[in-house]
There are 2 protein chains.
Amino acid sequence: MMRALALSAGLLLAGCAQTAATTAPTAPSAEVIASQVGEKPTPTSPPAGQQWLYGSAEGAIASAQVYRTMADYVRMAAISAAPRRQVVLAEGSTPTAPKFDDCGDKPLAAVFDADETLIWNLGAMRYFAEQGKDFDPAIWDQWEKTGAGKAVAMPGVIDALAIMRGAGVTIIVNTNRSAANPKGSEDTLRAAGLGDFKHGETLFLMGDTPDGASKDGRRALIASRWCVIAMGGDQLGDFAQAFNARGLSVADRRTMATSGPVAGLWGHGWFLLSNPVYGPSIRGGFADIFPSDKQWEPN
Amino acid sequence: MMRALALSAGLLLAGCAQTAATTAPTAPSAEVIASQVGEKPTPTSPPAGQQWLYGSAEGAIASAQVYRTMADYVRMAAISAAPRRQVVLAEGSTPTAPKFDDCGDKPLAAVFDADETLIWNLGAMRYFAEQGKDFDPAIWDQWEKTGAGKAVAMPGVIDALAIMRGAGVTIIVNTNRSAANPKGSEDTLRAAGLGDFKHGETLFLMGDTPDGASKDGRRALIASRWCVIAMGGDQLGDFAQAFNARGLSVADRRTMATSGPVAGLWGHGWFLLSNPVYGPSIRGGFADIFPSDKQWEPN
């Protein structure tokens, strides 16, 4: 059940096409089977990913480290005198053949996803986990509307945003929360201590552009007004939709991101927060995850 | 079952006291119950933590980012003319009242854990997961002996070690792999492309000092010979055993690491790799993980 939750939630928030083929796990887990025959195991503890991410020292440190690195980078980039380029891929270019436009004299910005990038959605994630529920879009819609105060700034975020804003960089959020709930998301970010965001100016939501769950259109809109010198996200769609192309295998997706021309951006303009709880990263069978030449058995 | 595997493996490799009280999960998962009544669900895909860490682009990037940051830091620290201090806690001092000794003119070193810090143990972890087995110390012992070539350097490691070595910094491994298997671990690190390590000189194993699974004794030994300017690990025992003290709640352990005097070391001398697959980070019930004032329900 947790695996189905992870997969569905990730697909919704990650901009992947919603079809039966992509929302169904490769094969159901034991817990999903149990629920399908009428037994709902009541979870006695959160799934391991949540224990690590939301509960542990290590999960907190992982977030704080990235935000410290990102703040240092943005502060240096902001005072740099060199001609600037966007870190948003130019429209029509791709991670394998990237192009980055000159900024001219646009004002500086750093663009962030929201969920499990700037904030941890503790209220909703605990609710789903305790109820043993799959991710439910109707419940998530209520969460967007009423959850302000029950999501928290991730470790390191508040200090990092202060440093970046102090360096003259505007913070912009590009999230797949719904354009139907702008006030709920503005209130949620404010209640988490992240300051004021205004829909259409510093907050962009799913529905703002015609490409739906893809963030590319919104990135192009943002880059038409701002010089984006850094981006933060917890899954690759927060950087370019091409990484979540249908039919891209687990291995090829990883290669696309970690080899070739964009590989040097990670930690140097593109900053990824660890999220092993949900998202398009949570997929694959044994043969997808493990290279065949690394198999081992005891004697 | 995956949760039991995560807990047991983590306790063994993390230096925690092995007692029934600490090795038993708070309550058994549905899979553990199934196995206890004679049914072994055959896992159809790896657990979500493994999908994220070993398979996904995001898990690879999370590793590469930390290693890029660490290499930058170590290179700068190595050319710094300032008098140096250890990043190893002085013997007898603690994270809440830390003391860091002057280095004098000891040669420079960076100290790393091995498992899921420098290398991913793909062979053994796939075997355990596919077999639906709990972490088994006897099987792990065989893995230490025969697994060379089936573990891989984590993303970013090889470049980072080259940069650090190029800056005159010696790489030292401090791991809870067993002192009974020095050749197996030397071979494993070499086969993963990390170069040569020599037990007792640049490789320290569990059993080398009388404090067993605690790494503090070995850290003191290393710091008596080297100026340790950076440390890398995937769990807090890789930095100080005090973080894994018995009886420390999830929340207090997190506070100890992320507040107070050592908080500033993360990303600036202490570097943590994300590992949501196993370790002392994978623990806690709902009340341990989620603050009570962040509870939410839909209408």
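The values are calculated or read from the model by the stated rules, or taken from the named source; none is laboratory data. Keep in mind that this is a model prediction, so the values were computed, not measured. Counting neighbours? That spans all protein chains shown, and the Cβs are built from the backbone with ideal geometry, glycine included. The accessibility values were calculated without ligands, DNA or RNA, using every heavy atom of the protein model including side chains. Shrake-Rupley method; radii C 1.70, N 1.55, O 1.52, S 1.80 Å.
Summary table below
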quantity: Among the residues listed as A:Ser29, A:Ser56, the single one being modelled with pLDDT of 90 or more, open to solvent by less than 60 Å² (accessible area, probe 1.4 Å) and facing another protein chain (nearest Cβ under 10 Å); calculated: A:Ser56
quantity: Residue among A:Gly195, A:Gly168, A:Gly247 that alone is farther than 20 Å from A:Arg68 by Cα, small (Gly, Ala, Ser), in a loop (DSSP other than H, G, I, E, B) and over 18 Å from the mean Cα position of the chain (by Cα); calculated: A:Gly247
quantity: Filtered residue count, segment B:219-252, keeping only those that are surrounded by 23 or more Cβ atoms within 10 Å (Cβ to Cβ) and among the basic types (Lys, Arg); calculated: 1
quantity: In segment B:123-135, residue nearest to B:Val169 (Cα to Cα) [restricted to those that are open to solvent by 10 Å² or more (accessible area, probe 1.4 Å) and within 9 Å of chain A (Cβ to nearest Cβ)]; calculated: B:Arg126
quantity: Segment B:198-229 - residue that is part of a helix (DSSP H, G or I) and more than 22 Å from B:Gly166 (Cα to Cα) and, of those, farthest from the chain's Cα centre (by Cα); calculated: B:Ser224
quantity: Test for B:Thr146: is it in contact (Cβ under 8 Å) with a residue 12 or more places away in the chain, of a type outside the set (A, V, I, L, M, F, W, C), touching a Ser or Thr at 6+ places or on another chain (Cβ under 6 Å) and crowded, with 17+ Cβ neighbours inside 10 Å; calculated: no
quantity: Top-ranked residue of segment A:72-111 - restricted to ones that are of a type in the set (A, V, I, L, M, F, W, C) and out of contact with any strand residue (DSSP E or B) (no Cβ under 7 Å at 6 or more places or on another chain), ranked as modelled with the lowest pLDDT; calculated: A:Ala82
quantity: Test: residue in segment A:203-223 that is facing chain B (nearest Cβ under 10 Å) and hydrophobic (A, V, I, L, M, F, W, C); calculated: no
quantity: Selection within segment A:276-290 - part of a loop (DSSP other than H, G, I, E, B), farther than 20 Å from A:Pro95 by Cβ and either aromatic (Phe, Trp, Tyr) or more than 7 Å from chain B (Cβ to nearest Cβ) (or both); calculated: A:Val277, A:Tyr278, A:Phe290
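Let's see how each residue does on (1) among the polar types (S, T, N, Q); (2) over 25 Å from A:Phe239 (Cα atoms):
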residue: A:Asn121; (1), (2): yes, no
residue: A:Ala129; (1), (2): no, yes
residue: A:Lys133; (1), (2): no, yes
residue: A:Ile139; (1), (2): no, yes
residue: A:Lys145; (1), (2): no, yes
residue: A:Met154; (1), (2): no, no
residue: A:Val157; (1), (2): no, no
residue: A:Ile171; (1), (2): no, no
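Listed here are the residues, each with its yes/no results for (1) open to solvent by 20 Å² or more (accessible area, probe 1.4 Å); (2) out of contact with any Lys or Arg (no Cβ under 7 Å at 6 or more places or on another chain).
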residue: B:Asp113; (1), (2): no, yes
residue: B:Pro137; (1), (2): yes, yes
residue: B:Lys150; (1), (2): yes, no
residue: B:Gly156; (1), (2): yes, no
